Every structure is written in C-alpha cells, then in structure tokens.
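As structure tokens, the structure follows; a few thoughts come after it.
Every number here is computed from the coordinates shown, using simple stated rules; none is lab data. None of these values were measured; they are calculated from a predicted model. Quick reminder, even Gly has a Cβ in these numbers, built from the backbone with ideal geometry, and neighbours come from all protein chains shown.
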Amino acid sequence: MSSLPCDPDTLATELSRPLVPSDRHRLTVERLDLLPGGDVDSGLLVLHVRAAADPAAATERWQVRLPLSPSMLDPRMAHDAFVLTLRANLEEWWMTRNHDPRTAAWARRVSPPTP
C-alpha cells in the first residue's frame, strides 16, 4: 500500500483553516488515516473533521472519505499541489453536501452538533 507523501500531522494542520468564501466558516482536521484504495497504489484518505457553519453555530464532527489516485500518492508530487487539491475537495464537500448526492456520499456525521 502507498503512504502519504508527507507527515499526517503536518497535513492535518495545513488543511485546517477557514472555509471559503468567508472566514466565518471553519473546518479543522483533527486526524487523518490512509486506507488501501480499490486499485493498486491508490488510497482512501479518511479525515476526521470538526466543522462549524459560522462562529455562533454548533460544531459538527464528520468523517470524510476522499479517494486518492496513485498520482496523488506519488512522493514526487509537489506538496503544495497535494494540499491544495485536498483542500479543494474538502471545501467542495462542505459547500455542496446538502445539495449534491455525490459529494454528500463522501462523508458521514459521527456525532451530533454540540454548542
């Protein structure tokens, strides 16, 4: 099985920041795991995230599963490109999860919202 092309803790920190288009939304990656994917050298990145729609909203905990192609796990891939691609996938999921069944299927809520 392939491994992440960078340190998982560093990656979690780099993926944790305010969501676009405003800094009122926040998504924090608490932990991530790489599982074997369906194809050789592919992977499934499981992100354990905490998210809030705005500062006054309850925090939600989610498990987001993003498939990674072999090219994404290639150690020669530019680190910034890897982080940017994952961040774009996370933001796409968050912004469309209530409207797009395809992206909604990437995640499941693991705990009820808490204040």
Heads up, the strands (runs of 3 or more DSSP E) in region 28-115 (entirely inside) with at least 3 residues that are in contact with an Asp or Glu (Cβ under 6 Å, 6 or more places away or on another chain) are 43-52
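Say we look at region 74-94 and pick out the residues that are over 23 Å from residue 26 (Cα atoms) and touching a Pro at 6+ places or on another chain (Cβ under 9 Å); which of these is surrounded by the most Cβ atoms within 10 Å (Cβ to Cβ)? If you could, list the steps in order and put the result at the bottom.
Our first condition is that a residue be over 23 Å from residue 26 (Cα atoms); within region 74-94, this holds for 74-78.
Now restrict to residues that are touching a Pro at 6+ places or on another chain (Cβ under 9 Å): 74-77.
On the way: 74: 12, 75: 10, 76: 6, 77: 14.
The residue in question is 77.
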Output for region 62-88, where each listed residue is farther than 19 Å from residue 52 by Cβ and of a type in the set (S, T, N, Q): 69, 71, 85
Scanning region 95-114 for residues that are surrounded by 14 or more Cβ atoms within 10 Å (Cβ to Cβ) and either touching a Cys at 6+ places or on another chain (Cβ under 9 Å) or not hydroxyl-bearing (Ser, Thr, Tyr) (or both) gives 95, 97, 106, 107
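Yes/no matrix, rows are residues, columns are (1) in contact with a Gly (Cβ under 6 Å, 6 or more places away or on another chain); (2) in contact (Cβ under 8 Å) with a residue 60 or more places away in the chain:
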residue: 5; (1), (2): no, yes
residue: 13; (1), (2): no, no
residue: 37; (1), (2): yes, no
residue: 42; (1), (2): no, no
residue: 47; (1), (2): no, no
residue: 65; (1), (2): no, no
residue: 81; (1), (2): no, no
residue: 87; (1), (2): no, yes
residue: 97; (1), (2): no, no
